[in-house]
Ligand code: PRX
């Protein structure tokens, strides 16, 4: 069990929502929350129909709310039609927000550019018209491999405007990961930049696209549209490569939005599962957007004069829902940031909150923990050295937040004035599922607290039976909800098997272990599958293992997670080479080479923190690797269990030695 989970289990403090906040909240007080819960539990379809009519602009109204005829392939509002981009742009311009700032963009080196809703509308239309002029249309798939920028948001919106299904690949992923996604999604278009800037360094993007396409099976890619970010030198393939600025030149600033079916896929986003191959999580248009917008209003208490800042990258689901779609659908002003929290120094986040008068700040526990460390080392980077009085709400996402970090965030950043919403959700859920409502829920550090209205989250045992409070079990969602994953792109069987196992009565299985306390608050205990959570990013142990064994020196590898004070979990790899285990300097050298290899194969986030070599791995007599033991060894703890079932007990001793 990780240290953070142990500390969560002994946490008993409760912080009521600040009174001043409650008074003005969109959902204010327990009664209003209870009324929504009751309404959604009593007649879920009527509840969702009311929400979908109130929150979305429909081109063609829906008549059926939920189609359950082919579970678990649920369809929501399926005969309705709308356009997601029009719901983010025209809808706000029509309400008189055309001159309101939509995005304040701050680059890595501190340059600030803003764009109003009307200007963003024109930009999105020009890009959409450009893409249309190249022949792209509804249903085509585009890979988006861009740095954080106004252009990244605009390109995603332009795809949505035409019904092109985007699949964003995080800029930190390697050419090989990019290749895998281009092939799996059957992309005909790639949108990228020459380079991206992170922490003062230029990192090539276009060359990774060239490499990916060069790996073969990408004949379908007709164009690579390139946003010029740095003017760094890049290779150019005539006819295929097109500069974004050339593409939009002379394009009209008006592009009629294509009305798509409510169930039309808006995007596919790859995430790690328990096998080696990432899953293409497919989301819908209407149901997804509905929840993105509703959770902006509920969880983030969106108000017209807010300045919202979600620090995620658009390469992850958080950046999709709470940068590209939610804040725009809600008509908010938001900050989009290109850089990293520690450049040019660890005061960057606080300085930006001060500069842009951010009211609502949403980040990950791993960032909070690293900034706590930095502020302890140097007072200049402590939040108290900045004017953070604009803040009124704080959010956390991606992994359990340990109570110490929670309390620091609440007291040092929020000055006990700002509620902290610890939001539990997943790539597959589309938006927040379990979270405090800032004007309602008493907060418990380390708990994501209660389910949102409409979300039937529960803890069950292995046959789907409810478990009593205080007992651990599987976190499930009992009834379908509009923003849920629709399928795994190209693999409906895997979708069924992964998320709706037969034993669980048709419930959605989240893959997290959790327990509920007597106040119906959820406490997440971590993944129940072979998925790690490193710095809030999901990583399959099998993915890392298969990349290690693809190295010519490696015969076998097993990867486990180890609790880590900064990144939540860290990757530890046990490796058997095709020759005997290396020692001393040679072991250090090979470990370094393998770490770089994984970074190149998957991306730097997958780099093992530690590699240990052995002549074998601990296996049962039937040949199964005993990961349970490896997790203990990785933590440098003594193995006290009976190891007599091991085929080769002596191996444990060899593996306890770190390189
Ligand atoms: O284990 C849970 C953890 O992150 C997983 C989902 O990862 P991903 O799909 O990459 O989405 C991350 C951003 C939504 C979950 O299965 N997780 C996410 N948020 C929390 C969390 N664990 C505890 N508390 C959270 N607030």
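At a glance:
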{"read-out": "Whole-Å semi-axes of the chain's equivalent ellipsoid (Cα gyration tensor)", "value": "36, 31, 26"}
{"read-out": "Gain on full stretching of the segment that runs from residue 237 to residue 417 - 0.36 nm per residue minus C-alpha separation", "value": "59.3 nm"}
{"read-out": "Cα→Cβ-extended label distance, 7 Å offset, between residue 64 and residue 183, nm", "value": "3.8 nm"}
{"read-out": "Packing rank of 300-306, 542-548, 65-71, where each peptide gets the mean count of other beta carbons within 10 Å, highest leading", "value": "542-548, 300-306, 65-71"}
{"read-out": "Label-point separation, residue 385 to residue 635 (7 Å along Cα→Cβ), nm", "value": "3.6 nm"}
{"read-out": "Tail beyond 19 Å, pair distance distribution of segment 535-655 (Cα, percent)", "value": "45 percent"}
{"read-out": "Per-bin percent of Cα-Cα distances, segment 284-402 [10 Å]", "value": "13, 45, 32, 9, 1"}
{"read-out": "Value of D in µm² per second that Stokes-Einstein yields for segment 419-467, Kirkwood Rh from Cα pairs, at 20 °C (1.002 mPa s)", "value": "181 µm²/s"}
{"read-out": "Relative contact order (percent, whole number), segment 410-511, Cα cutoff 8 Å, 6+ residue spacing", "value": "20 percent"}
{"read-out": "Estimated FRET transfer efficiency (residue 600, residue 24; beta-carbon r; R0 60 Å; 0.05)", "value": "0.75"}
{"read-out": "Net lengthening on full extension, residue 471/residue 249 (0.36 nm per residue, minus Cα-Cα)", "value": "73.8 nm"}
{"read-out": "Residue order, fewest to most beta carbons within 10 Å, for 226, 101", "value": "101, 226"}
{"read-out": "DSSP beta bridges in the chain [antiparallel fraction, %, rounded to 5]", "value": "60 percent"}
{"read-out": "Spin-label proximity, residue 113 to segment 350-386 - amide N less than 19 Å from point 7 Å beyond Cα toward beta carbon", "value": "356"}
{"read-out": "Relative contact order, percent, segment 535-655 [alpha-carbon distance under 8 Å, six or more residues apart]", "value": "24 percent"}
{"read-out": "For segment 128-164 and segment 441-484, distance of Cα centres in Å", "value": "36 Å"}
{"read-out": "Where labels lie 7 Å past Cα in the beta-carbon direction, separation of residue 50 and residue 79 in nm", "value": "2.4 nm"}
{"read-out": "Beta bridges per DSSP with both ends in segment 535-655, % antiparallel, nearest 5", "value": "70 percent"}
{"read-out": "Counting DSSP beta bridges with both ends in segment 155-313, the antiparallel % (nearest 5)", "value": "50 percent"}
{"read-out": "Order by protection proxy (mean Cβ within 10 Å, highest first), peptides 373-386, 177-190", "value": "177-190, 373-386"}
{"read-out": "Relative compactness, segment 36-141, computed as alpha-carbon Rg over 2.2 N^0.38 Å", "value": "1.44"}
{"read-out": "Mean ellipticity per residue at 222 nm, deg cm²/dmol - from DSSP H runs of n ≥ 4 across the chain, formula -39500 (n - 2.57)", "value": "-8500 deg cm²/dmol"}
{"read-out": "By average C-beta atoms within 10 angstrom, highest first, the peptides 202-209, 140-147", "value": "140-147, 202-209"}
{"read-out": "Rg(Cα)/(2.2 N^0.38 Å) for segment 147-274, N = residue count", "value": "1.07"}
{"read-out": "Relative contact order (percent, whole number), the chain, Cα cutoff 8 Å, 6+ residue spacing", "value": "14 percent"}
{"read-out": "For 429, 342, order by how many other beta-carbon atoms lie within 10 Å, fewest first", "value": "342, 429"}
{"read-out": "Compactness index (Cα Rg / 2.2 N^0.38 Å), segment 269-321", "value": "1.40"}
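Coordinate-derived values only; no laboratory data. The model shown is predicted, which means the values in this text are computed figures rather than measured ones. No Cβ is skipped: glycine too gets one built from the backbone with ideal geometry, and neighbour counts run over all protein chains shown.
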